[in-house]
1. Somewhere in the range 330-342, is a residue in a loop (DSSP other than H, G, I, E, B), under 18 Å from Ser204 (Cα atoms) and at pLDDT below 95?
2. Which residues, taken from the range 236-269, are outside any helix (DSSP H, G or I) and surrounded by fewer than 19 Cβ atoms within 10 Å (Cβ to Cβ)?
3. Determine, yes or no, whether Thr97 is in the same structural domain as Gln201 (by TED's automatic domain parsing), outside any helix (DSSP H, G or I), modelled with pLDDT under 90 and surrounded by fewer than 20 Cβ atoms within 10 Å (Cβ to Cβ).
Amino acid sequence: MGSPEHPLRFTRASFGKDRLRRRRGDLGGWRSLREDRHPELDLWSGDRGWQRGGLHPSARTLRPKALRERQDRRMSWAAHELESYFLQEHLKHRLKTKVSYLAILLGCLLPDLFTKLPVYGLHIGNMTLIKAAEPWKYHRGWPGVGPTHSLLFIVVVALLILAWKKNRAWAFGLLLGGWAHVLTDCFDSVGTMLFFPFTTQHYSTGMWAYASQAGRYGDASAYYSSFGGVWDFLWLCLALGGPKVFTRKFFREEIVPNDSAWAWLQNRFRMSETAMIALYRAYFVYGGCRIFGWFIWARLINPERGTQTLDWSWGGPNWVQKAPDFQTADTWAGFFGQTAIGLAGLSVTMWLIWRLIGRRLWARAH
């Protein structure tokens with residue numbers, strides 16, 4: 001597997017075995033590289049020759065028949081930065097297909113990636129260049145960019161990636177990460193339009209107050225003075241609950257074999273294994289520092305902390321100006337009716353997408 005004296009070098013060749021198996025007709029499922037590993041195709045060996053970019057010498061002469069015989073024996077504020085590690089750790093043994101960590105991370109950030117700037121606004125001095133008049137409506141509602149926080153939007157993006165890159169690990173990772181973001185945002189007081197465009201009904205538990213209308217610092221103070229901060233600490237604990245996900249061994253055996261992007265990063269930017277592991281862990285460090293940094297500011301440094309007190313009541317804090325309720329049903333009958341319409345519309349649409357487009361794209365992908 002390589003040693004500290006001979007660090008691993010990841011090449012695109014090390015991700016080719018699954019493609020070879022599919023071309024030869026073995027569609028018996030996807031397994032990890034370590035489960036598939038053949039002594040004659042040991043791309044993790046310490047042989048210095050293949051580390052310069054080629055296959056292990058014995059791999060060039062291995063016959064397909066011998067390969068087949070071997071096979072026959074065989075992501076709120078910081079929550080979105082931490083979801084990817086939790087998903088990677090707890091889903092890897094439950095899925096029959098590979099999942100890219102980088103794709104999960106991108107999916108966890110996707111709904112806010114190109115939409116968050118007008119929420120707080122862009123200011124230069126006393127000038128405001130971009131600012132939504134009603135941030136809650138712009139960010140989560142319709143008209144607005146609220147559809148980016150819907151389940152179908154994430155499906156469409158994942159489908160486009162599948163058609164473009166023909167990469168199952170990236171398409172599925174984006175789907176998982178994006179859905180995690182959409183569902184976790186249901187816990188604030190505004191919630192998300194899960195079943196858009198079939199209904200504009202918002203789904204929210206109201207656990208803490210949505211307060212982006214108070215500006216970046218006002219939002220931070222409200223969030224970390226309420227159950228929002230508890231929510232972030234919960235995700236931090238969930239990520240830390242699987243410490244092996246941060247180890248070098250996990251990175252080598254689970255993260256790298258599932259995504260050829262790591263080989264591209266190394267070859268394109270000449271990154272060492274240590275640098276790539278640092279990159280892999282970076283968002284966890286960023287998310288953890290963000291939690292503690294904003295909590296310390298909100299509770300110990302904030303000049304308004306005397307009036308902006310800690311409030312762990314449901315839907316708090318009560319001292320913040322809350323976003324009004326909108327696009328919600330007035331009765332439980334209306335709520336369940338809209339939910340039934342949304343579920344039916346989403347289910348039928350996803351079935352049609354799979355039957356007409358999805359399964360063909362999936363079969364062509366690797």
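The values are calculated or read from the model by the stated rules, or taken from the named source; none is laboratory data. Everything numeric in this text was worked out from a predicted model, so none of it was measured. We place every Cβ from the backbone using ideal geometry, glycine too, and count neighbours over all the protein chains shown.
1. Filtering the range 330-342 for residues in a loop (DSSP other than H, G, I, E, B) gives 330-331.
Applying the additional criterion that residues be under 18 Å from Ser204 (Cα atoms) yields 330-331.
With at pLDDT below 95 added as a condition, the list becomes 330-331.
Yes, because at least one residue in the range 330-342 is in a loop (DSSP other than H, G, I, E, B), under 18 Å from Ser204 (Cα atoms) and at pLDDT below 95.
2. Start the filter on the range 236-269 by keeping residues that are outside any helix (DSSP H, G or I), which leaves 241-242, 247, 259-260.
Gly241, Gly242, Thr247, listed by residue number.
3. Details: in the same structural domain as Gln201 (by TED's automatic domain parsing): yes; outside any helix (DSSP H, G or I): yes; modelled with pLDDT under 90: yes; surrounded by fewer than 20 Cβ atoms within 10 Å (Cβ to Cβ): yes.
So Thr97 passes the test.
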